[in-house]
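Notes for the one structure printed next.
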Amino acid sequence: MTRENDPLAALWMPFTANRAYKATPRQLVAAKDMHYTADDGRQVLDGTAGLWAVNAGHCRPTIVEAIQKTATELDFAPAFQLGHPASFELASRVAAIMPKGLDRIFFTNSGSESVDTALKIALAYQRSRCEGTRTRFIGRERGYNGVGFGGISVGGIVNNRRQFGTLLNGVDHLPHTHSLQHNGFTKGRPQWGGHLADALESIIALHGPETIAAVIVEPMAGSTGVLVPPVGYLERLREITSKHGIVLIFDEVITAFGRVGGATASETLGVIPDMITMAKGLTNAAVPMGAVAVSRHIHDGVVEGAADGIELFHGYTYSGHPLAAAAGIAALDLYEAEGIFEHAASLHGYWEEAVHSLKGKRHVIDVRNMGIVAGIELEPRPGAPTKRAMELFHKCFDNGLLVRATGDIIALSPPLILQKAHIDEMVGRISDLLETID
Ligand SMILES: Cc1ncc(COP(=O)(O)O)c(C=O)c1O
């Protein structure tokens, strides 16, 4: 086949080794509940909820029907200076399950857009209270906050930054909280590491609090390999940011909607930020959508403090898109009707024991867990980091299990409708396949 008529040539795939993928393509053609169907007809157990997203399982009929119905009734409505009922309804529904006080909702179309939106709202808020010198952001090493210029600037992944120039000015980073030495094989939240939040005081002292608009962290860092917050760490960030008039943003694109317990990690952990970014589980990933939950004082500062007219010069053509809003309402209905967050929480103990049974297996140097998430860290192959985890990812897929490889870490985050038998199958298959790779 020449390059011109290669059916895979035109698509430039995101975050993919395009050449390697196209040499041995693996495709998904259907999905139902806990499983994907591969293009050769095999059933593949979804150990990752797609991409940390399909919390209620795949192709749930009520979500499908809501999208279908809306597509025939209102395909699109402009979001600027006009509205449609479902976007208001979804905003109220989301506000109702956010931590108290975070009840103003701005819609976006992705996690990346949610992060950049939250950063912009933080700047607008600081200006609205005559603190316009506060323009700096503090992110964290090993943070993943999406791929907008704001997100990669505050994020802490060098590969996501080095091709793209100088990024946002005035960004600094907290140290990450991961330590194999202190926290290896910890079940749940580590006791060691809370003190790392004190680095924020040093960063603030270095730049001056009057220059800092916001701090953004994921309560649990997912994409860089499941870094669970140490006991006391987030609490300390909250204390320090409050003391210095700095907005605290939790990036909950992964952790919201039942992944670690309640509707948000903030609620589960009892630490309430000023803004929460979300996406993924908001619509059960059936239609792209993100959102930022904003505390009332920030919203009111920007909106009530503005002159007549548009208060925030920001928004997207597809903010609150009718199909996404319909999917979001149906997803929230389903989470509630089936008690999906509670069901998942009832399995936390079983999940923890199961994933930690991989301790001592070939290549495994750490296991971490929180909610229905696990990170299984493999010893890097000498001279070839990431290759071992990638090989395991391929072997798992070829043997009917979808996992996620990030660096040398295998991340698991299955749909929250899982049963004990699914957990046994995932852990058993990984355990067996670890024996087959060098
Ligand atoms: C914490 C976090 N923030 C932001 C994003 C970006 O979301 P999206 O890929 O929808 O832009 C992700 C994606 O995984 C994420 O995990």
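The values are calculated or read from the model by the stated rules, or taken from the named source; none is laboratory data. Being a predicted model, the structure only gives us computed values, none of them experimental. No Cβ is skipped: glycine too gets one built from the backbone with ideal geometry, and neighbour counts run over all protein chains shown. Areas reflect the complete protein model, heavy atoms only, side chains present, ligands, DNA and RNA absent. Shrake-Rupley method; radii C 1.70, N 1.55, O 1.52, S 1.80 Å.
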Exercise. What residues qualify as long-range amide H neighbours of Val247, i.e. H under 5 Å apart, gap of 5 or more or another chain, H built at 1.01 Å from N?
Worked result: Ala214, Val215
For this session: Enumerate by residue number the trypsin sites (Lys or Arg not before Pro) in segment 99-208 meeting two conditions: DSSP loop (anything except H, G, I, E, B), and at most 11 other Cβ atoms within 10 Å of the site's Cβ.
Result: Lys100, Arg162
Problem set entry | Centroid-to-centroid separation of segment 284-318 and segment 1-59 [C-alpha atoms, Å] | 34 Å
Problem set entry | Nearby lysines by direct alpha-carbon distance to Lys120 (threshold 30 angstrom, same-chain neighbours under 8 apart not counted) | Lys100, Lys243, Lys280
For this session: Report the paramagnetic label zone for Asp40: residues of segment 387-430 whose backbone N is under 11 Å from a point 7 Å from Cα along the Cα-to-Cβ axis.
Result: 398-400
Problem set entry | Whichever aspartates and glutamates have a C-alpha closer than 15 Å to that of Lys22, once near sequence neighbours (fewer than 8 apart) are set aside | Glu4, Asp6, Asp39
Problem set entry | J(HN,Hα) series, segment 316-322, from Karplus relation 6.51 cos²θ - 1.76 cosθ + 1.60, nearest Hz, glycine and proline x | 10, 3, 9, 4, x, 3, x
For this session: Scan around Gly290 for amide H atoms under 5 Å from its own, H built in the peptide plane at 1.01 Å from N, and keep only partners 5 or more places away or cross-chain.
Result: Thr108, Asn109, Ser110
Seminar exercise, completed: Residues meeting the amide H criterion for Arg404 (H placed from the backbone, H to H distance under 5 Å, 5 or more places apart or on another chain) are Ala411
Exercise. Carbon and sulfur together cover what percent of the accessible area of segment 53-163 at a 1.4 Å probe radius?
Worked result: 57 percent
Exercise. Given a 1.4 Å probe, how much area per residue of segment 96-138 is accessible, in Å²?
Worked result: 43 Å²
Problem set entry | Percent accessible area from carbon and sulfur atoms, segment 192-269, protein chains only, probe 1.4 Å | 61 percent
For this session: Find the relative contact order for the chain and round it to a whole percent, using C-alpha pairs within less than 8 Å whose residues are 6+ positions apart.
Result: 22 percent
For this session: About the Cα centre of the chain, how large is the charge dipole given +1 on each Lys and Arg Cβ and -1 on each Asp and Glu Cβ? Please answer in debye to the nearest 20.
Result: 860 debye
Exercise. What is the gain in length, in nm to one decimal, between Glu239 and Leu8 on full extension, counting 0.36 nm per residue of separation less the C-alpha to C-alpha distance?
Worked result: 78.0 nm
Exercise. Quick one: putting +1 on the C-beta of Lys and Arg, -1 on the C-beta of Asp and Glu, what dipole do you get for segment 330-435 around its Cα centre, in Debye to the nearest 20?
Worked result: 540 debye
Exercise. Can you run phi through the Karplus equation (6.51, -1.76, 1.60; θ = phi - 60°) for segment 69-86 and list ³J(HN,Hα) in whole Hz, with x for Gly and Pro?
Worked result: 5, 5, 4, 8, 9, 8, 5, 7, 9, x, 8, 9, 6, 9, x, 9, x, 5
Problem set entry | For His297, solvent-accessible area (1.4 Å; no DNA, RNA or ligand), Å² | 100 Å²
For this session: Place a +1 charge on the Cβ of each Lys and Arg in segment 278-363 and a -1 charge on the Cβ of each Asp and Glu, then give the dipole magnitude about the Cα centre in debye, rounded to the nearest 20.
Result: 660 debye
For this session: Rank Gly146, Tyr125, Leu90 by how far each Cα sits towards the positive end of the charge dipole of segment 83-151 (+1 on Lys, Arg Cβ; -1 on Asp, Glu Cβ) and give me just the farthest.
Result: Tyr125
Problem set entry | Accessible area (Å², per residue) of segment 334-438, counting only protein heavy atoms and a probe of 1.4 Å | 39 Å²
For this session: Quote the FRET efficiency, to the nearest 0.05, computed for Ala23 versus Ser357 with a Förster distance R0 of 35 Å and r equal to the Cβ-Cβ distance.
Result: 0.50
Exercise. Per-residue accessible area for Met370 at 1.4 Å probe radius, Å² rounded to 10?
Worked result: 20 Å²
Exercise. Across the chain, where is the longest run that never hits chymotrypsin sites (Phe, Trp or Tyr not before Pro) in a DSSP loop with at most 13 other C-beta atoms within 10 Å?
Worked result: 165-312
Problem set entry | J(HN,Hα) series, segment 51-57, from Karplus relation 6.51 cos²θ - 1.76 cosθ + 1.60, nearest Hz, glycine and proline x | 9, 6, 10, 8, 5, 8, x
Problem set entry | DSSP beta bridge pairing in the chain, given as percent antiparallel to the nearest 5 | 65 percent
Exercise. In terms of the Cα gyration tensor, with a ≥ b ≥ c the square roots of its eigenvalues, is segment 125-230 rounded because a/c is under 1.5, prolate because a/b exceeds b/c, or oblate?
Worked result: oblate
Exercise. Once both labels are modelled 7 Å past Cα along the beta-carbon direction, what's the Phe185-Gln68 spacing in nm?
Worked result: 5.1 nm
Exercise. Points 7 angstrom from Cα along the Cβ direction at His297 and Asn399: gap in nanometres?
Worked result: 5.4 nm
Exercise. Ignoring ligands, DNA and RNA, how do Asp300, Asp75, Asp46 rank by accessible area with a 1.4 Å probe, largest first?
Worked result: Asp75, Asp300, Asp46
Exercise. Not counting the cut sites, what is the longest span of the chain without GluC sites (Glu not before Pro) that DSSP labels loop and that have at most 10 other Cβ atoms within 10 Å?
Worked result: 5-434
Exercise. Evaluated at 20 °C with a viscosity of 1.002 mPa s, what Stokes-Einstein diffusion coefficient in µm²/s does the chain have when Rh comes from the Kirkwood expression over alpha-carbon pairs?
Worked result: 95 µm²/s
Seminar exercise, completed: The whole-number value in µm²/s of the Stokes-Einstein translational diffusion coefficient for segment 289-336, with Rh from the Kirkwood sum over alpha carbon pairs at 20 °C and 1.002 mPa s, is 165 µm²/s
For this session: Under 19 Å from a label point 7 Å along Cα→Cβ of Leu51: give me every residue in segment 279-295 with its amide N that close.
Result: 279-292
For this session: Mind checking which lysines have their Cα closer than 16 Å to the Cα of Lys359? Skip sequence neighbours fewer than 8 apart in that chain.
Result: Lys187
For this session: Could you tell me which of Gly50, Thr108, Asn5 has its Cα farthest along the dipole of segment 1-147 towards the positive end, charges placed at Cβ (Lys, Arg +1; Asp, Glu -1), taken about the Cα centre?
Result: Thr108
Problem set entry | Label zone at Ser346 (point 7 Å along Cα-to-Cβ), backbone N below 16 Å, segment 392-420 | 416-420
Exercise. For segment 273-371, what relative contact order do you get, as a whole percent, if you take Cα pairs closer than 8 Å and at least 6 residues apart?
Worked result: 23 percent
